[in-house]
């Protein structure tokens, strides 16, 4: 970034700031991430809308992590508007995915399902994105208490990750499946207890 500053290259500075923003975000330094992403947007001109779109998605994730739901939704929707106008499937996927996760965490399940279905429309041939969407759908269904459907989706996600050789992701799906199985056993035991008590 310092080199780009010396060259007075605004686009290069914005690129470096966007990368820094994601690194700060991954490290939990949300204030620094927010500042970097905002500066990157301010340095952009109309010729690089892809980077502007990515920075708004980053800001959406930052505000989601900070619990500032309204701001998060605003930035995801700005990013979606840009991505839709250029038909950028990858950006549309990740913005819908992030909105689905946000709504699920707030138990706004109808909106979460709508967003995950929209995300799936932009998977194209990307198996990793398909795995992420299917895995998140399993989590949403699990939180909602729709255990059989959650189990089916988690199994599908594990199969997708298996084809990719993504061992860590397969293991994560296995954890979700174990949680679902445990919840199903608890639900059955509770139902049996209730029925025996009522008799």
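Here are some notes:
- Scaled to the globular estimate 2.2 N^0.38 Å, the Cα spread of the stretch 123-190, given as radius of gyration, is 1.11.
- Here residue 74 and residue 186 are evaluated by their C-beta separation; at R0 = 25 Å the FRET efficiency comes out at 0.05.
- The angle between the Cα long axis of helix 69-86 and the longest principal axis of the Cα atoms of the chain comes to about 70 degrees, rounded to the nearest 10.
- Distance from the stretch 1-73 to the stretch 84-124 (C-alpha centre basis), Å: 21 Å
- A crude spin-label estimate for the pair residue 87 and residue 105, with each label 7 Å from Cα along the Cβ direction, gives 3.4 nm.
- Taking all Cα pairs closer than 8 Å and separated by 6 or more residues, the relative contact order of the chain comes to 10 percent.
- Ordering of 79-87, 64-72 by burial proxy (mean other Cβ atoms within 10 Å per residue, highest first): 79-87, 64-72
- Acute angle (nearest 10 degrees) that the helix 127-144 long axis makes with the longest principal axis of the chain, alpha-carbon atoms: 50 degrees
- Value at 222 nm in deg cm²/dmol, rounded to 500, when DSSP H runs of n ≥ 4 in the chain each add -39,500 (n - 2.57): -28000 deg cm²/dmol
- Cα-based helix-to-principal-axis angle, 167-198 vs the chain, degrees rounded to 10: 40 degrees
- Projected over all directions and averaged, the alpha-carbon convex hull of the stretch 1-144 occupies 8.8 nm².
- Across the stretch 1-110, the mean sequence separation of Cα contacts (distance under 8 Å, 6 or more residues apart), normalised by length, yields a relative contact order of 18 percent.
- Three-way shape call for the stretch 4-77 based on the alpha-carbon gyration tensor, with the a/c threshold at 1.5: oblate
Throughout, read-outs are computed from the coordinates displayed, never taken from laboratory work. Since this is a predicted model, take the numbers as computed values, not measurements. In this analysis, Cβ positions are derived from the backbone assuming ideal geometry, glycine residues included, and neighbour counts consider all displayed protein chains.
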